[in-house]
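Engineer: Sharing a structure below in structure tokens format, with a few things to ask.
The values are calculated or read from the model by the stated rules, or taken from the named source; none is laboratory data. Bear in mind that the values here come from a model prediction, so they are computed numbers and not experimental data. Here the Cβ is made from the backbone with ideal geometry for all residues, glycine too, and neighbour counts use every protein chain on show.
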Amino acid sequence: MAERLLEVNDLKVRFATEDGIVQAVSGISFELERGKVLGIVGESGSGKSVTAMTLMGLTRGVNARFEGEVLYKGTDLLKVSDRDMQDFRGNELGMIFQDPMTSLNPVYRIGDQIVEAIQAHENVDKRTARARTIELLRQVGIPNPETRVDNFPHEFSGGMRQRAMIAMALSCNPSILIADEPTTALDVTIQAQIVELVSRLKEDFDSAVIFITHDLGVIADIADEIIVMYAGRVVERGSKRDLFYDPQMPYTWGLLGSIPRLDRPRPERLHTIEGSPPSLINLPDGCKFRPRCPHAFEKCTQEPGLENRVETPGHLDRCWLDVDFKRSHRDQTISGDSAEAA
Amino acid sequence: MTVLEHASESDGSALLEVRHVKKYFPIRKGVLQREVAHVHAVDDVSFAVREGETLGLVGESGCGKSTLGRTLVRLLEPTAGEIVFQGTPIQDLGPRRLRPLRREMQMVFQDPYASLNPRKRVGTIVSDPMRIHDLGSRADQKRRVGEILETVGLSPEHYNRFPHEFSGGQRQRIGIARALALRPKLIIADEPVSALDVSIQSQMLNLLDDLQNEFQLTYIFIAHDLGVVRHVSDRIAVMYLGKIVELSPAEELYTRPIMPYTEALLSAVPLPDPDLAEQRERIVLEGDVPSPINPPSGCRFHPRCRYATDVCRQIEPPLVDYGNAHLAACHHPLNVDKATLQQVEVAKQHSPAEADDSALPQDTSGRSNPAVAPDTRSR
């Protein structure tokens, strides 16, 4: 069994705002082992980015309250001081942000930004750090890294900027790489390159990856385990095969059905999840997906727990519906030809 | 047969015809601001859009698809070529004569955050086009805004709200409402869904579909994702570095791509099925789109193409008809049987019009590649 790097137990994150308390994350748990890829999927506002940033200690602030545990190799990251957190950040956990345009400083050279990251964490001289930067840029597939290292971000294309971000995240050899929608701002061709790069680097650096996205299709070939988040909760969790071939939560069906698919005939209409995600200040009672769920019934006014309801161990969901009912009805939603969409 | 002949011979009349349109951006240097080079953003593009159809325009960032979209509605001035809208050439019209035509052609922009004025209320944003074109009384305008907001799935009570009060998907609906305000015939949608979550994306695609049926709209739908485009398009044009490299009826492009670039784009679309995703051969295109300042010689795709040979480096392939209104520009066409290939070869030798289509632009980039005579195109 591979080394367990991360264990998140019942993590809750709340922010106090002028409008009220935002329950951004309400009790999520997962584990991550070395060499594995964990996919976190959900719409905007489902709490997936807050989860990632909390792991990195980036949501700390006077208005933030945390509960639960984030155990990294046994140390609770929520209890670590801000100063010590800096040692974990970069050295142990690296992060790739969504928008490579705004997360690089436009007035510093790419190389200098990576050198700075290396020197912040390790006691090396500038020349060594620069040599390592060039090597990193080569590893992430930047052509002519010796000259490119002195370019400014605006001289890089979107895909190259994202590669530079990945090089920076890897600069101190972290055990866990957190990628927060790393491909959303990119073209499909570049997206394919980045996904492939992330999975190759995972091998090269012997690390684990948390891959956050709103598009289940993106992680179909690289994730080992997938968590589906909705309204700050995990609503379904299981292996990649469970999620794609035996999805139990109507929300997961909706996410699958929304993707225009090339492997199936073109449907008359795409399936949509009606409405939008609930406000995290004023959550609905019972199942949080109930207002948008086409299959909701009386029992849904009580919130279902995250439990194993199918034969496969480890496949958890939050839905009261009967498993056989779900298995016979979900294809309507997923293949997009449902009569009820009209 | 050229692209344009195709459009005119088809049953529906062409709403928009684009003939050899080029858009170059000058690069200026020095005190005198001398033009030292040009960005060949759109380089000799021809196609036609029939009334009521949706033409998908697909390509990577930097291929010129957005520039083309903007040039078509004259938000950018074309460097050369003709744009014929409803029989009127519009490329040289002055502002006063252009204005009534602007009512017929509207745009929906990519970024729903940047394309709405944050200091204007939704009602003003949607009614502004009507005010500018002086349509109806104020009361009429207000009533119409209410109607349009309802059509796009918002409520008339949103009239007095500001854009920041809306989510990304709702903002895109406001952008669509604004485009619809003048009851246009043609809507150019520039990546209308790429900034949205997949679940919201599908809502938006269905909405665009409904609106097309309700108002008999014609769309030019620009996107980088072939999955999205398939869902809305009747025909699809694939662009690469300022040129159309393949133009085909929508479904055929997916079952029978001819241009290797299209094949690669298709293989990059994520498949939400782990087994299929593992099985299929993923053609990862190395590197980025080359600089449009000095496009590669010959076929512009050759540096990234896995089938490229010497011919591709030297001779630019013309856009050729492979039957069933499926055109492609490639020396090594995929999925084409021998008989068709021979016919195409014969047609090439006898049609001098092709030379005209593939003639290289007389640009300032210093390449001395003379227009290719048809008989040198041996394989």
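Conditions tested, residue by residue: (1) within 12 Å of chain B (Cβ to nearest Cβ); (2) surrounded by fewer than 16 Cβ atoms within 10 Å (Cβ to Cβ); (3) assigned to a helix (DSSP H, G or I).
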position	(1), (2), (3)
A:GLU236	no, no, no
A:PRO265	yes, yes, no
A:PRO277	yes, no, no
A:LYS299	no, yes, yes
A:THR312	no, yes, no
A:CYS319	no, no, no
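Engineer: Also, quick follow-up: Just to be sure before I move on: is B:VAL229 within 24 Å of B:GLY64 (Cα to Cα), within 12 Å of chain A (Cβ to nearest Cβ), crowded, with 23+ Cβ neighbours inside 10 Å and touching a Phe, Trp or Tyr at 6+ places or on another chain (Cβ under 8 Å) in the structure I sent? Please lay out each step first, then the result.
Structural biologist: Values: within 24 Å of B:GLY64 (Cα to Cα): yes; within 12 Å of chain A (Cβ to nearest Cβ): yes; crowded, with 23+ Cβ neighbours inside 10 Å: yes; touching a Phe, Trp or Tyr at 6+ places or on another chain (Cβ under 8 Å): yes.
Spelling it out, B:VAL229 is indeed within 24 Å of B:GLY64 (Cα to Cα), within 12 Å of chain A (Cβ to nearest Cβ), crowded, with 23+ Cβ neighbours inside 10 Å and touching a Phe, Trp or Tyr at 6+ places or on another chain (Cβ under 8 Å).
Engineer: Please verify whether the stretch B:210-218 includes one or more residues that are surrounded by 24 or more Cβ atoms within 10 Å (Cβ to Cβ), within 14 Å of chain A (Cβ to nearest Cβ), over 15 Å from the mean Cα position of the chain (by Cα) and in a helix (DSSP H, G or I).
Structural biologist: no
Engineer: Take the residues in the stretch A:279-297 that are in contact (Cβ under 8 Å) with a residue 40 or more places away in the chain and under 27 Å from A:GLU311 (Cβ atoms); name whichever of them is farthest from the other protein chains (Cβ to nearest Cβ).
Structural biologist: Among them, the one singled out is A:HIS295.
Engineer: Based on this model, can you work out whether A:ILE134 counts as among the hydrophobic types (A, V, I, L, M, F, W, C), over 28 Å from B:CYS63 (Cβ atoms), at pLDDT 90 or above and in contact with a Pro (Cβ under 6 Å, 6 or more places away or on another chain)?
Structural biologist: Values: among the hydrophobic types (A, V, I, L, M, F, W, C): yes; over 28 Å from B:CYS63 (Cβ atoms): yes; at pLDDT 90 or above: yes; in contact with a Pro (Cβ under 6 Å, 6 or more places away or on another chain): yes.
Here the answer is yes, as A:ILE134 does meet what is asked.
Engineer: Looking at B:ARG171, B:ARG178, which is the one that is basic (Lys, Arg), within 13 Å of chain A (Cβ to nearest Cβ) and not in a loop (DSSP other than H, G, I, E, B)? Before the answer, list the steps.
Structural biologist: On the way: B:ARG178 fails: within 13 Å of chain A (Cβ to nearest Cβ).
Of B:ARG171, B:ARG178, the one residue that is basic (Lys, Arg), within 13 Å of chain A (Cβ to nearest Cβ) and not in a loop (DSSP other than H, G, I, E, B) is B:ARG171.
Engineer: With the requirement that a residue be assigned to a helix (DSSP H, G or I), charged (D, E, K, R) and at pLDDT below 90, what does the stretch B:307-345 give you?
Structural biologist: Result: B:LYS338, B:GLU345.
Engineer: Same structure, new question: Tell me yes or no: at least one residue of the stretch A:141-149 is surrounded by 15 or more Cβ atoms within 10 Å (Cβ to Cβ) and in contact (Cβ under 8 Å) with a residue 40 or more places away in the chain. Even if it seems obvious, please write down each step before you answer.
Structural biologist: Of the residues in the stretch A:141-149, the ones surrounded by 15 or more Cβ atoms within 10 Å (Cβ to Cβ) are A:141-142, A:145, A:148-149.
Right, trim to in contact (Cβ under 8 Å) with a residue 40 or more places away in the chain and you get A:141, A:149.
Scanning the stretch A:141-149 turns up at least one residue that is surrounded by 15 or more Cβ atoms within 10 Å (Cβ to Cβ) and in contact (Cβ under 8 Å) with a residue 40 or more places away in the chain.
Engineer: A further question follows. Kindly indicate whether A:LEU243 is within 14 Å of chain B (Cβ to nearest Cβ), touching a strand residue (DSSP E or B) at 6+ places or on another chain (Cβ under 9 Å) and at pLDDT 90 or above.
Structural biologist: Values: within 14 Å of chain B (Cβ to nearest Cβ): yes; touching a strand residue (DSSP E or B) at 6+ places or on another chain (Cβ under 9 Å): yes; at pLDDT 90 or above: yes.
Yes, satisfied.
Engineer: Out of A:LEU177, A:LEU136, I need the residue that is in a helix (DSSP H, G or I), in contact (Cβ under 8 Å) with a residue 24 or more places away in the chain and in contact with a Leu (Cβ under 9 Å, 6 or more places away or on another chain). Which one?
Structural biologist: Details: A:LEU177 fails: in a helix (DSSP H, G or I).
Of A:LEU177, A:LEU136, the one residue that is in a helix (DSSP H, G or I), in contact (Cβ under 8 Å) with a residue 24 or more places away in the chain and in contact with a Leu (Cβ under 9 Å, 6 or more places away or on another chain) is A:LEU136.
Engineer: Out of the residues in the stretch A:1-12 meeting the condition of being touching a strand residue (DSSP E or B) at 6+ places or on another chain (Cβ under 7 Å) and among the hydrophobic types (A, V, I, L, M, F, W, C), tell me which one is surrounded by the fewest Cβ atoms within 10 Å (Cβ to Cβ). Let's see the steps before the verdict.
Structural biologist: Our first condition is that a residue be touching a strand residue (DSSP E or B) at 6+ places or on another chain (Cβ under 7 Å); within the stretch A:1-12, this holds for A:2-12.
Those still in the list that are among the hydrophobic types (A, V, I, L, M, F, W, C) too: A:2, A:5-6, A:8, A:11.
Working: A:ALA2: 10, A:LEU5: 20, A:LEU6: 24, A:VAL8: 21, A:LEU11: 23.
Among residues in the stretch A:1-12 that are touching a strand residue (DSSP E or B) at 6+ places or on another chain (Cβ under 7 Å) and among the hydrophobic types (A, V, I, L, M, F, W, C), the one surrounded by the fewest Cβ atoms within 10 Å (Cβ to Cβ) is A:ALA2.
Engineer: Related question: So which of A:THR102, A:THR133 ends up being more than 18 Å from A:ASN9 (Cα to Cα) and in contact with a Gly (Cβ under 6 Å, 6 or more places away or on another chain)? Give the steps one after another, and end with the answer.
Structural biologist: Numbers: A:THR102 fails: in contact with a Gly (Cβ under 6 Å, 6 or more places away or on another chain).
Among A:THR102, A:THR133, only A:THR133 is more than 18 Å from A:ASN9 (Cα to Cα) and in contact with a Gly (Cβ under 6 Å, 6 or more places away or on another chain).
Engineer: Considering only residues of the stretch A:76-85 that are surrounded by 10 or more Cβ atoms within 10 Å (Cβ to Cβ) and either among the hydrophobic types (A, V, I, L, M, F, W, C) or touching a residue at least 12 places away in the same chain (Cβ under 8 Å) (or both), which is farthest from A:VAL8 (Cα to Cα)?
Structural biologist: So in the stretch A:76-85, the residues surrounded by 10 or more Cβ atoms within 10 Å (Cβ to Cβ) come out as A:76-80, A:84-85.
This time we only want the ones that are either among the hydrophobic types (A, V, I, L, M, F, W, C) or touching a residue at least 12 places away in the same chain (Cβ under 8 Å) (or both), so: A:77-78, A:80, A:85.
On the way: A:LEU77: 10, A:LEU78: 10, A:VAL80: 15, A:MET85: 17 Å.
Only one residue tops the list, namely A:MET85.
Engineer: Additional query: Quick one: in the stretch A:13-68, which of the residues that are of a type in the set (Lys, Arg) and surrounded by fewer than 17 Cβ atoms within 10 Å (Cβ to Cβ) is nearest to A:ILE222 (Cα to Cα)? If you could, list the steps in order and put the result at the bottom.
Structural biologist: Going through the stretch A:13-68, the residues of a type in the set (Lys, Arg) turn out to be A:14, A:34, A:36, A:48, A:60, A:65.
Imposing the further condition that a residue be surrounded by fewer than 17 Cβ atoms within 10 Å (Cβ to Cβ) reduces the set to A:34, A:60, A:65.
Numbers: A:ARG34: 14, A:ARG60: 31, A:ARG65: 33 Å.
Ranking the candidates gives A:ARG34 first.
Engineer: So, one more: Among the residues of the stretch B:260-282, is any away from every other protein chain (no Cβ under 11 Å) and surrounded by 24 or more Cβ atoms within 10 Å (Cβ to Cβ)? Spell out how you get there, then give the answer.
Structural biologist: We begin by selecting, within the stretch B:260-282, every residue away from every other protein chain (no Cβ under 11 Å); these are B:260, B:262-263, B:281.
Next, from what is left, pick out any that are surrounded by 24 or more Cβ atoms within 10 Å (Cβ to Cβ): B:260, B:262.
The answer is yes; a qualifying residue exists.
Engineer: Scanning the stretch B:236-259 for residues that are charged (D, E, K, R) and surrounded by fewer than 23 Cβ atoms within 10 Å (Cβ to Cβ), which turns out farthest from B:THR218 (Cα to Cα)?
Structural biologist: Residues of the stretch B:236-259 that are charged (D, E, K, R), as a first pass: B:243, B:246, B:251-252, B:256.
Checking which are surrounded by fewer than 23 Cβ atoms within 10 Å (Cβ to Cβ) leaves us with B:251-252, B:256.
Working: B:GLU251: 19, B:GLU252: 21, B:ARG256: 25 Å.
Out of the qualifying residues, it is B:ARG256.
Engineer: Here is a further query. Looking at the stretch A:171-188, which of the residues that are modelled with pLDDT under 90 and of a type outside the set (S, T, N, Q) is farthest from the chain's Cα centre (by Cα)?
Structural biologist: By that ranking, first place goes to A:CYS172.
Engineer: Same structure again: Can you go through A:THR189, A:THR213 and tell me which one is at the interface with chain B (Cβ under 10 Å from one of its Cβ atoms), surrounded by 21 or more Cβ atoms within 10 Å (Cβ to Cβ) and within 17 Å of A:LEU55 (Cβ to Cβ)? Before you say what the answer is, go through the steps one by one.
Structural biologist: Working: A:THR189 fails: within 17 Å of A:LEU55 (Cβ to Cβ).
Unique residue meeting the criteria: A:THR213.
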